[in-house]
1. Considering just Cα atoms, how many Å³ per residue does the convex hull of the range B:2-117 enclose?
2. Suppose we look only past 21 Å in the calculated P(r) of the range B:133-199. What percent of the Cα-Cα pairs does that tail hold?
3. Considering chain B as a Gaussian network with a 10 Å cut-off on Cα pairs, which listed residue, B:TRP204, B:TRP179, B:TRP128, attains the greatest mean-square fluctuation?
4. Kindly rank B:138-146, A:37-45, B:96-104, B:27-35 from highest to lowest mean number of other beta carbons found within 10 Å of each residue.
5. Mind checking the range B:159-228 for GluC sites (Glu not before Pro) that DSSP puts in a loop (not H, G, I, E or B) and that have at most 13 other Cβ atoms within 10 Å?
6. Inside 10 Å of the C-beta atoms of B:57-64, what's the mean count of C-beta atoms belonging to other chains?
7. Consider all pairwise Cα distances in the protein assembly as shown and report the whole-number % of them above 35 Å.
8. Can you work out the base-10 log of I(q)/I(0) for the range B:56-170 at q = 0.20 1/Å, using the Debye formula on its C-alpha atoms alone?
Amino acid sequence: MSTDEKVLNADDETFVPEVVAFCCRHCAYSAADLAGGGRMSYSPSIKIVELPCTGRANSLEILHALEKGADGVAVAGCLPGTCHYIRGNTQAKHRVTHVKELLKTIGLEEERTRMINISAAMGAQFVAEFTDFVETVKALGPSPLSGETGNTRTGS
Amino acid sequence: MIVAEQKPLNEIKSMLKGYNKVLAVGCGTCVAVCFAGGKQEVGLLSASLRMSTDLDGEAVNVDEAIVQRQCEKEYNAPLEAELEQYDAILSLGCGVGVQSLAQQFPGKRILPALNTKFMGYPAEHGVWEDRCQGCGNCVLHLTGGVCPVSRCPKSLFNGPCGGSQDGICEVNQEAECAWHVICENQLKLGLFDEMMEVQPAKDWSSARDGGHRRIVREDVRIPDEEKA
């Protein structure tokens with residue numbers, strides 16, 4: 001969806017945000033599968049990127065997604081203490097916290113990024129967690145960043 | 001290694017005022033190891049600057065580069081070809097790296113993105129401690145391998161000041177008293193008697209107090225006639 005479309009939709013109060021979801025294949029990605037298999041519906045805003053572990057999601061990738069115009073970025077990993085690689089989800093949480101601090105200094109709402117912990121068996125919770133995040137991002141409105149330097153979305 | 005940390009984003013933005021096209025140059029040695037100026041940090045700072053200046057309505061175009069060792073001109077030389085297109089260079093090197101770029105590329109605005117702090121020891125992942133001030137006259141053989149210059153806030157040479165309590169420094173409650181550790185180490189080494197010898201006042205002329213320092217090693221110098 002182009003920037004202009006998003007802004008236009010926001011004016012029409014039908015803003016559909018673009019949310020990137022970095023999902024661990026051992027938990028959140030499988031939970032999304034389970035939700036799909038169970039015919040549960042969740043927001044089409046969510047663009048899932050499968051990772052071997054959320055420990056692979058570094059701060060730069062989260063920031064780049066927001067720089068390129070994503071309205072929100074979630075990192076979804078295993079429940080605390082259950083990471084297949086011992087502490088990948090803990091590291092991811094620290095990184096999301098770090099990015100939130102960066103966003104504050106940059107001038108973008110820190111709520112545009114979130115760490116979510118979920119297990120592979122939690123299809124319904126996947127839907128609930130991401131619905132809540134998408135609603136939060138919707139309330140914030142379209143990201144003022146167009147994804148192209150020097151091309152701020154004016155009036156949004 | 002040399003330990004540094006990034007300046008606040010707003011301070012860097014102030015330095016960049018008036019420049020439209022900037023090259024952020026990191027260093028792949030000390031500041032990469034302490035997560036201040038390596039490839040990842042260049043990426044994070046550059047993205048932060050692009051986003052923040054974009055939001056301010058005064059977008060600055062920030063490109064990224066990294067050299068293996070910014071303090072040596074041979075590593076920086078490949079940058080020269082592309083510098084013409086940039087209004088300013090934002091160095092994520094230590095103070096030596098910034099000055100190397102400034103000396104190598106006179107006439108080009110070189111700005112420091114980091115504050116260089118000390119020569120430090122990585123106490124744990126994400127924690128660095130001052131271990132050496134480069135005083136130019138090492139006394140670690142007399143002090144149980146603990147530097148009283150960098151680790152004692154008063155740089156004392158003849159025992160603790162008397163203000164420490166339970167092995168904790170009176171100046172910094174998060175730091176061990178350096179002299180407490182020195183005494184313990186000397187005891188373990190069976191060298192405590194050496195502590196009875198009074199050390200004379202330190203000659204600080206070998207440190208920065210003696211003026212700008214320089215080392216010349218004729219044995220490794222390349223003779224003028226052989227230089228390219």
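Bear in mind these aren't lab numbers, they're just calculated from the coordinates by the rules spelled out. The shown structure was predicted, so the numbers you read here are calculated from the model rather than taken from an experiment. All Cβ positions, glycine included, derive from the backbone under ideal geometry; neighbour counts span all protein chains shown.
1. Values: hull volume 9.3 nm³, N = 116.
Enclosed volume per residue, from the Cα hull, is 80 Å³.
2. Numbers: 413 of 2211 pairs.
Every Cα pair in the range B:133-199 considered, those over 21 Å come to 19 percent.
3. Looking only at B:TRP204, B:TRP179, B:TRP128, the biggest GNM fluctuation is shown by B:TRP204.
4. Numbers: B:138-146: 16.0, A:37-45: 12.4, B:96-104: 19.9, B:27-35: 22.0.
Averaged packing, sorted descending, gives the order B:27-35, B:96-104, B:138-146, A:37-45.
5. Numbers: sites: B:GLU170, B:GLU174, B:GLU176, B:GLU184, B:GLU194, B:GLU197, B:GLU218, B:GLU225, B:GLU226; in loops: B:GLU170, B:GLU174, B:GLU197, B:GLU218.
Sparse-neighbourhood loop GluC sites (Glu not before Pro): B:GLU174, B:GLU197, B:GLU218.
6. Numbers: counts 3, 2, 5, 2, 2, 1, 0, 0.
Across the residues of B:57-64, the mean count of other-chain Cβ atoms within 10 Å is 2.
7. On the way: 33315 of 73536 pairs.
Pairs farther apart than 35 Å: 45 percent.
8. -1.09
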